[in-house]
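Asker: Please find one structure pasted underneath; my questions will follow.
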Amino acid sequence: MELSLDGLAVRHPAARQGTPAALQALDLRVAAGEQLAVIGPSGAGKTTLLQALACAQPPAAGLLRLDGAAPWALPRAALQRLRGRLCLAPQVPPLPPRQRVVTAVLAGRLPAWGLAHSLRSLLYPADIPAAHAALGRFDLADKLFERVDRLSGGERQRVGLARLLLAPAALWLVDEPLSALDPARAAQALDTLVHEARARGVTLVASLHQVDMALTRFPRIVGLRDGRLAFDLPAAEVTPERLARLYAQHEHELHAPAPQADDMPPPPPAPVAMTCR
């Protein structure tokens with residue numbers, strides 16, 4: 001999926017009047033099948049950018065186009081079809097606590113299923129081998145029939161990524177997918193996403209706190225600060241000096257240590273539940 005942003009500004013629905021937009025005058029082009037990482041300090045607008053690309057927040061100004069179509073100018077049915085071609089994996093996957101892992105992973109297939117098939121799969125999972133294979137890519141095959149509320153925070157994050165592999169999507173939007181993973185698990189998860197996106201020709205946009213992994217796994221890096229584009233460069237041109245300016249007054253985020261074990265407790269539910277549509 002090709003992405004085009006022209007002067008895009010996005011304001012949170014709950015933002016007070018007079019506060020700056022979370023994204024401001026953003027110009028960006030992403031070719032179909034391209035992979036890029038979005039970095040920047042907390043509050044830079046990374047999550048807002050992904051939600052805008054997921055057609056979850058309408059622009060306050062400017063224009064967003066996905067494969068040449070302006071989503072918010074489409075009829076409702078056409079907008080829903082477009083949303084079915086993309087998948088957003090949030091930092092905290094909105095997984096029902098009593099749900100089985102197999103059902104949570106197969107939810108990635110919902111955009112391609114009719115209502116009857118979807119309801120039937122809740123009782124009799126429709127494609128257990130596919131769910132098992134997707135979980136296996138993240139070393140979770142043994143959790144296939146486990147309940148979600150018995151997983152660690154890192155395991156829940158990886159279940160959300162496994163669901164992404166089953167989505168019939170042309171655009172993957174991944175928000176901080178490594179925050180609850182130790183370095184070895186984080187490297188494995190990111191390598192799997194990048195490899196699968198490349199093999200399928202899927203456009204991949206990922207926001208990351210782990211700058212070192214962004215620089216070594218992605219050919220293109222977009223830096224955001226205070227809702228504005230700080231730079232858009234090949235990874236090889238992102239110098240320590242540029243990073244120092246991007247993270248000025250937030251140096252602790254640039255050099256923050258990674259989690260040391262994948263046994264962190266599940267984080268609190270996300271305020272906005274965004275999944276594949």
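The values are calculated or read from the model by the stated rules, or taken from the named source; none is laboratory data. None of these values were measured; they are calculated from a predicted model. Every residue, glycine among them, receives a Cβ derived from its backbone with ideal geometry; neighbour counts consider all protein chains shown.
Asker: Does at least one position in segment 82-92 carry a residue that is in contact (Cβ under 8 Å) with a residue 40 or more places away in the chain, part of a helix (DSSP H, G or I) and touching a helix residue (DSSP H, G or I) at 6+ places or on another chain (Cβ under 9 Å)?
Answerer: Yes, the conditions are met somewhere in segment 82-92.
Asker: Also, quick follow-up: Has segment 161-178 got at least one residue that is more than 16 Å from the chain's Cα centre (by Cα) and basic (Lys, Arg)?
Answerer: Scanning segment 161-178 turns up no residue that is more than 16 Å from the chain's Cα centre (by Cα) and basic (Lys, Arg).
Asker: Residues Gln188, Gln157: which one is closer than 24 Å to Leu86 by Cβ, polar (S, T, N, Q) and either under 22 Å from the mean Cα position of the chain (by Cα) or at pLDDT below 95 (or both)?
Answerer: Criteria check complete, one pass: Gln157.
Asker: Of the residues Arg83, Arg65, Arg76, which single one is of a type in the set (Lys, Arg) and in contact with a Ser or Thr (Cβ under 8 Å, 6 or more places away or on another chain)?
Answerer: That would be Arg65, the only listed residue that is of a type in the set (Lys, Arg) and in contact with a Ser or Thr (Cβ under 8 Å, 6 or more places away or on another chain).
Asker: Scan segment 217-230 and give yes if some residue there is under 17 Å from Arg163 (Cα atoms), surrounded by 20 or more Cβ atoms within 10 Å (Cβ to Cβ) and among the β-branched types (Val, Ile, Thr), otherwise no.
Answerer: Checking segment 217-230: not a single residue is under 17 Å from Arg163 (Cα atoms), surrounded by 20 or more Cβ atoms within 10 Å (Cβ to Cβ) and among the β-branched types (Val, Ile, Thr).
Asker: Count, please, the residues in segment 5-35 that happen to be touching a residue at least 40 places away in the same chain (Cβ under 8 Å) and β-branched (Val, Ile, Thr).
Answerer: Total meeting the criteria: 2.
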